[in-house]
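The values are calculated or read from the model by the stated rules, or taken from the named source; none is laboratory data. Quick caveat: nothing in here was measured; it's all calculated off a predicted structure. Cβ atoms come from the backbone with ideal geometry, glycine included; neighbour counts cover every protein chain shown.
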């Protein structure tokens, strides 16, 4: 009996789930079903169904109720896809797209042939980081804004999640910008940015990596 080939759309969906789980784990330490579903714009029921399928294929492991992480094979696939995504972000940034746009459009292009990505990567001079400050391959090191104390900090990297990037874009905040942390409370962080006080929810602040400055 002839085996039915996996459709392109199904494959893309699987890779998207793996990348989101990896980003959430890298920045938040865990990937909850709710956050995965919200980021991908699907219902928790749909996300659960796909994740169960990925678990059966050996890519995802359930840690506890509604909390997931990746197996070695799942992490390897997600890291390769994220690398392609970030290379395309660099390319799109050169074309003049902002930090939110580079993420959105790279997401639409990241499933192109690996040979094309390699050509673009070499043409760009093999960059080390993407426009969001993340290593092309690997995860950013540093303190999350949600864990900082009052004082001046510089944003060095941000999670490539629509919720984080949309918030930053709406407040005209970018990587390499300086913030002054005014106070940190349970659930949010208040910062000053160019004379404006902004309250940042902990879910967003945890997706922002910073270093202190004097």
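Key figures
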read-out	value
Total residues in segment 113-152, condition more than 21 Å from the chain's Cα centre (by Cα) and in contact (Cβ under 8 Å) with a residue 40 or more places away in the chain	2
Among the candidates 86, 80, residue that is surrounded by fewer than 18 Cβ atoms within 10 Å (Cβ to Cβ), within 16 Å of the chain's Cα centre (by Cα) and either assigned by TED's automatic domain parsing to the domain that holds residue 19 or not in a strand (DSSP E or B) (or both)	80
Residue satisfying condition, being surrounded by 16 or more Cβ atoms within 10 Å (Cβ to Cβ) and either under 21 Å from the mean Cα position of the chain (by Cα) or farther than 21 Å from residue 136 by Cα (or both), within set 164, 199	164
Sole exception among (1) surrounded by 15 or more Cβ atoms within 10 Å (Cβ to Cβ); (2) touching a strand residue (DSSP E or B) at 6+ places or on another chain (Cβ under 9 Å); (3) at pLDDT 95 or above for residue 140, by number	(3)
Within segment 111-135, considering residues that are farther than 12 Å from residue 91 by Cα and outside the structural domain of residue 86 (by TED's automatic domain parsing), the one surrounded by the most Cβ atoms within 10 Å (Cβ to Cβ)	132
